[in-house]
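Only one structure is covered here, and it is reproduced in the block below.
The values are calculated or read from the model by the stated rules, or taken from the named source; none is laboratory data. In this text, all values refer to a predicted model and were calculated from it rather than measured experimentally. Cβ placement follows ideal geometry from the backbone for every residue including glycine, while neighbour counts extend to all protein chains displayed.
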Amino acid sequence: MKRFNKKTIVIAVVAVLVLAGIVLVVGGGKSDAKKKDETGPKPALAVTTVQPSQASLPIYLTANGTVTAWQEAIIGSESNGLKLTDVRVNVGDVVKRGQVLATFSVASVNAELAQARASLMEAEANAADAKNNAERARTLETTGALSTQQINQYLTTEQTAKAKAEAAKALLAVQEVRLSQTQVVASDDGVISARSATVGAVVSAGTELFRLIRQGRLEWRAEVTSAELGRIKTGTVALITAANGTQVKGKVRMIAPTVDAQNRAALVYVDLAPTAADVAPVRAGMFATGQFDLGNSTAVTVPQQTIVIRDGFSYVFRMNPDNRVTQIKVQPGRRLADRIEIISGVPTDAVLVANGAGFLNDGDLVKVVVDTPATADSTKEQKVATPPVGATAATK
């Protein structure tokens, strides 16, 4: 009996232990399921948020054009049939008004000048003799010693001799002018842009010898469409970037009175300021692009990292009350440092995802965190390193 009772007790203990194990397993499973139900789905990403803000952005109008000389003077030969003996300047030389650029041979001109002086002396001597004879004839006019015909002859000879003297004087002046024309001088201050003069060449009158950019002034001739032409006025400031990368400021001098019938564009003439000595110079004939400064306007802007480019379009992610995001297509505009204008697509009171927007999809669940000081410092450093507004602002 005792033996039977002991065996029964062991079986009962084992059964109790097995039952307790089953209860623990079932209870643990239910607890895990309950814990899982209480936790819910996990967020896809931790992000920071930002709201659009108002900012004053510059308005630029971009145009293309060519850099040309303000005025290009043609310096030619005034002498005919003379030989060039000396050419003193070359392309690129800076010259002053009246500076001698080239000289012609003066041998034949000096000989003709001496001949003209001798002719003048002879004519003046004949004029003086004729004048004396005429004065004597006038004194004898009342005495009857000379006939009226003889007296008139003396008076006519006087007038003829006087006219010949004047003609000889004019011929001498012509030869003196020819002598001065043997020196080719600069008609204005400027820079030599072309040279066709060659030592030893015999050129005719009117032959081009040099081209001169007057006063070294350059201008940018921008092509602006007729639709945009009304936004530009005389005195508008522009920033021009030449093909060699040099940037130079300019100011609108005048606007062409007509529009090209082929491309419907008008020329805007912009005077360029001189470039500094330590930068590559802007040269005539260069292609250049420029931006006309049309003032400022108020715009809605967001940080650059808020905008995500996908399939060629721009999107932002708006935060919903349930911490899920909605992808919204927007139209970006001008750029100012690290902020971009939003023309349409986002209300001003919307809460947008800032950091982490590039890793999200429409409907993702996110966790909003506060920006850390380190992030703010890095953002501040980024703003300090941003190029000037004029170099980064986009055309509206």
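Conditions (1) surrounded by 18 or more Cβ atoms within 10 Å (Cβ to Cβ); (2) closer than 30 Å to residue 273 by Cα, marked per residue:
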{"site": "51", "(1), (2)": "no, no"}
{"site": "75", "(1), (2)": "yes, yes"}
{"site": "87", "(1), (2)": "yes, no"}
{"site": "127", "(1), (2)": "yes, no"}
{"site": "136", "(1), (2)": "no, no"}
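In the stretch 47-100, counting only strands (runs of 3 or more DSSP E) that sit wholly within it, the ones holding 2 or more residues that are among the aliphatic types (A, V, I, L, M) and closer than 15 Å to residue 189 by Cα span 72-76.
Rundown of residues vs (1) among the polar types (S, T, N, Q); (2) exposed (fewer than 14 other Cβ atoms within 10 Å of the Cβ); (3) under 19 Å from residue 177 (Cα atoms), yes/no style:
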residue: 113; (1), (2), (3): no, no, yes
residue: 118; (1), (2), (3): no, yes, yes
residue: 122; (1), (2), (3): no, yes, no
residue: 133; (1), (2), (3): yes, no, no
residue: 151; (1), (2), (3): no, no, no
residue: 156; (1), (2), (3): yes, yes, no
residue: 165; (1), (2), (3): no, no, yes
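Residue pairs whose Cβ atoms lie under 6 Å apart, separated by 6 or more positions or on different chains, with the first residue in the stretch 241-270 and part of a loop (DSSP other than H, G, I, E, B) and the second exposed (fewer than 15 other Cβ atoms within 10 Å of the Cβ) and hydrophobic (A, V, I, L, M, F, W, C), are 243/287; 244/280; 246/279; 246/280. Note on the stretch 341-365: among residues that are part of a loop (DSSP other than H, G, I, E, B) and among the aliphatic types (A, V, I, L, M), the one that is farthest from residue 300 (Cα to Cα) is 360. One residue stands out among those in the stretch 284-299 that are surrounded by 11 or more Cβ atoms within 10 Å (Cβ to Cβ) and at pLDDT below 90: the one that is nearest to the chain's Cα centre (by Cα), which is 296. Restricting 160, 139, 85 to residues that are among the polar types (S, T, N, Q), under 19 Å from residue 198 (Cβ atoms) and out of contact with any Asp or Glu (no Cβ under 9 Å at 6 or more places or on another chain) narrows the list to 85. Checked against the criterion of being surrounded by fewer than 17 Cβ atoms within 10 Å (Cβ to Cβ), among the polar types (S, T, N, Q) and more than 17 Å from the chain's Cα centre (by Cα), the candidates 234, 207 yield just one match: 207. Quick one: is residue 174 among the hydrophobic types (A, V, I, L, M, F, W, C) and either touching a residue at least 60 places away in the same chain (Cβ under 8 Å) or within 30 Å of residue 69 (Cβ to Cβ) (or both)? For residue 174, the condition - among the hydrophobic types (A, V, I, L, M, F, W, C) and either touching a residue at least 60 places away in the same chain (Cβ under 8 Å) or within 30 Å of residue 69 (Cβ to Cβ) (or both) - is not met.
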